[in-house]
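Q: Supplied in structure tokens, the structure appears directly below.
Read the figures in this text as sums done on the coordinates, not as results from a lab. If you're wondering where the values come from, they're calculated on a predicted model, not measured in any experiment. All Cβ positions, glycine included, derive from the backbone under ideal geometry; neighbour counts span all protein chains shown.
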Amino acid sequence: MFVHGVPETNKIWDRLRANLDGESVALSMPGFGCPRPPGFGATKDEYVDWLVGELNQFDEPVDLVGHDWGAGLTYRVATAHGERLRSWSADVANIMHPDYVWHDFAQIWQTPGEGEAFFAAQRLSSPQERAANFEFLGVPHDDAVSMSESGDETMGACILDLYRSATPNPFATWGDKFKPTIAPGMVLCPSEDPFGNEAKSREVANMLGARHQILDGLGHWWPLQAPEHCTDSLSEFIESIG
């Protein structure tokens with residue numbers, strides 16, 4: 001089971017999943033390329049409850065893979081609802097560090113008024129203009145255009161609510177469950193991720209009793225940059241569990 005992040009849809013996993021043997025599913029976070037359910041507050045805890053509900057639809061524990069905010073949800077599920085997982089893999093572990101400080105974009109989104117102005121300005125620019133920002137961060141051109149086209153008003157509002165529910169950082173409210181996980185885990189650390197931090201990533205992996213895997217030469221959007229290589233890393237880990 002794959003969970004995407006911000007500002008993405010489940011399409012981010014398409015090429016990686018195409019290289020996998022066996023069945024898989026890529027979830028759509030509510031409000032991200034799909035409707036926002038009535039009354040859904042889009043807080044980090046509501047997204048966790050949503051993900052646990054998806055996991056509960058399966059009779060057997062699941063191999064869960066999370067990217068970006070999907071990784072944040074994965075860490076919470078692995079530590080607070082570990083019985084639902086056979087294994088877990090996730091990146092940006094530094095966001096779960098006790099000393100984590102949110103990146104510049106997040107701090108804009110968390111500021112009332114500034115966050116709304118940010119997404120209002122985004123909607124006034126063309127998909128091609130928005131795509132250029134993703135390409136600068138290593139997203140292949142076609143994927144960058146697709147991501148920019150999916151960034152509608154619903155997604156923007158959900159991003160604001162999600163980030164504003166996670167101050168000062170996720171550990172502040174989720175740290176109570178932070179200990180070695182029941183299910184085996186792997187922390188993925190792309191070496192060129194501008195939103196990552198290798199030292200903090202290793203510390204979090206150690207806190208969770210998880211493997212730490214460097215994705216050398218890859219950036220934040222590793223599922224799009226090198227899907228075959230990343231499929232191999234995930235498959236090797238999952239197969240090692242037995």
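Q: For LYS177, list the lysines whose Cα falls under 16 Å from its own Cα; do not include residues on the same chain fewer than 8 positions away.
A: LYS44
Q: Still on this structure, I have one more. Separation of the range 89-135 and the range 25-82 by C-alpha centroid, Å?
A: What the calculation gives is 20 Å, centre to centre.
Q: In addition: Quickly rank 66-79, 222-235, 163-176 as a protection proxy: mean count of other C-beta atoms within 10 Å, highest first.
A: Numbers: 66-79: 25.4, 222-235: 19.1, 163-176: 16.7.
Sorting 66-79, 222-235, 163-176 by mean packing, highest first, produces 66-79, 222-235, 163-176.
Q: Grab the other residues whose beta carbon is less than 13 angstrom from that of ARG17, score K and R as +1, D and E as -1, and report the net.
A: -3
Q: Identify which of LEU85, LEU137, LEU188 has the largest mean-square fluctuation in a Gaussian network model of the chain, with springs joining Cα atoms closer than 10 Å.
A: Of LEU85, LEU137, LEU188, the most mobile in the Gaussian network model is LEU137.
Q: Roughly speaking, what is the centre-to-centre gap between the range 168-186 and the range 225-242 when only Cα atoms are used, to the nearest Å?
A: So the separation of the two Cα centres works out to 23 Å.
Q: Zone of PHE58 (label point 7 Å along Cα→Cβ, backbone N under 14 Å): which residues in the range 2-38?
A: Once the point is set 7 Å along Cα→Cβ of PHE58, 2-4, 21-28 turn out to lie under 14 Å by backbone N, inside the range 2-38.
Q: Moving on. Can you give the % of DSSP beta bridges in the chain that are antiparallel, to the nearest 5? Let's see the in-between values first.
A: Working: 0 of 17 bridges.
Just about 0 percent of them are antiparallel.
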